[in-house]
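The values are calculated or read from the model by the stated rules, or taken from the named source; none is laboratory data. In this text the structure is predicted, and so the values were computed from the model without any measurement. Cβ placement follows ideal geometry from the backbone for every residue including glycine, while neighbour counts extend to all protein chains displayed. Keep in mind that these areas ignore ligands, DNA and RNA; they rest on the heavy atoms of the full protein, side chains included. Shrake-Rupley method; radii C 1.70, N 1.55, O 1.52, S 1.80 Å.
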Amino acid sequence: MDTLNDTAGAVLDLTLLRTFIEVVDCGGFALAADALALTPSAVSGHIKRLEMLAGATLLARTTRSFELTPPGQTLYAYARNIVDLEREARARLSGARLKGRLRIGSSEDFAGAWLAHVLQAFHRAHPDASIELKVGITADLLRQQARGKLDVVFGKQCARVQDEGELLWEEDLVWAWGDDQPWDPDASVPLAVFPDPCVYRAAAITVLSQAGKPWLPAFESGSMAGCLAAAQAGFAVAPVARSQLREGLRALSREDGMPDLPAARFYAYLRSEESAVQGLVAAVRQTGQRRRFSR
C-alpha cells in the first residue's frame, strides 16, 4: 500500500498521531503499548487506521523490526509538531505557562542525549521561562548547587544513590571504539576519560582492575566530543553511555576481552520546588521514557 485513492478529506486524529510517535520513538509496538497503557493489538490498529487516513504505508515491517517509509518520515516530522502545538495550546488556554529563570547544571552526555528536544518543547509550552545552563562534571555541578548557584542538576552515577537524587532512567555503559579500527584483546587498554572526579572513569578503572586487565591513561579531556573522537580514531577506548554511540563507533564486549561495565544512571537533583523546575524535570523524564531507556 504505497498510496490509497482519495484521502483529501481525511482528518489526522491526534490519538493516532501520538501512537505513531510512540511506536517510532520506542522502536516497537509492544514497547509503545507499555508506554501508552494499550494492548499491542490496539497499537497495531491505530497504525493501520492512520495509514488508511494518510493514504500511504508509514512503516515497512519485517519479522523483528520496522523502518519508516518516505511518507512515514514526512508524517513523523509533522506529527511531532502537531502534538507539540496541541500541548502548547492547552497550556496557554489553561493559563498554565511557567515563568521564572531556571539555573540548570548538566553533564555533557546527559545534555547531548535530551537537551535539544526537551528545550524546544519546554520553550514552546512555557515561553516566559528563561534558562541558564552550565555543562560540567556531575560532582562539580552538585557542589555549585550546594552553594546555591543551580536550581537543578541533571547528572549521572554508576550506582544507585539514596539521597535527594531522583532516578530518571538508566542505560548500559559501554566501551566505545572505532568500528573500523583493529582491536587487540591481549594488549593494555588505552583509556579515553574525563578528568577526576568522573563516575565513568572510576567505573572503567574499577572493572578493569577487578578483571586483572592492564590499562593506561592514553587520552584525557573534559569534552565528550574529544573522548568520542579519540575512540573513533582508534587512539583510546571511551567508557560512555550507550546513547552516546554514533556512526563510526561500536561497543566492545566480552568477545573482545573487555569486562562488563555497570549501568549508567541518570538523576535529577532538585534544590528548588518551583513549578518551572518541576515542569522541566517532567519534560526530561518524558523524553527518557519515550526513548525507552531501561529503568
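Quick notes
- Extended-chain gain in nm, criterion 0.36 nm per residue less alpha-carbon gap, Ala202 and Val83: 38.7 nm
- Spin-label pair Asp184-Ile131: with each label point 7 Å from Cα along the Cα-Cβ axis, the two points sit 4.5 nm from one another.
- Where trypsin sites (Lys or Arg not before Pro) fall in DSSP loop in the stretch 49-82, at most 15 other Cβ within 10 Å: Arg64
- Rounded to whole numbers, the Karplus 3J(HN,Hα) couplings from phi for the stretch 26-37 are 7, x, x, 6, 5, 5, 5, 4, 4, 5, 9, 6 Hz, using 6.51 cos²θ - 1.76 cosθ + 1.60 with θ = phi - 60°, and x at Gly and Pro.
- Net +/- balance of residues flanking Arg246 in space, Cβ distance below 13 Å, scoring K and R +1, D and E -1: -1
- Close amide-amide hydrogen proximity is noted between Val189 and Trp215, Leu216, each under 5 Å apart and 5 or more residues distant or on a separate chain (H modeled in the peptide plane; Pro and chain starts excluded).
- With every protein chain in place and a 1.4 angstrom probe, the accessible-area ranking of Asp13, Asp186, largest first, reads Asp186, Asp13.
- Sorting Tyr267, Tyr78 by solvent-accessible area of protein heavy atoms yields Tyr78, Tyr267, largest first, with a 1.4 Å probe.
- Extension gain for Gln120-Thr74 works out to 14.6 nm (0.36 nm per residue, less the C-alpha to C-alpha distance).
- In the stretch 196-273, the GluC sites (Glu not before Pro) that fall in loop regions by DSSP, at most 12 other Cβ within 10 Å: Glu247, Glu273
- Cα centroid of the stretch 182-225 to Cα centroid of the stretch 24-43, whole Å: 38 Å
- Accessible area (Å², 1.4 Å probe, nearest 10) - Met52: 110 Å²
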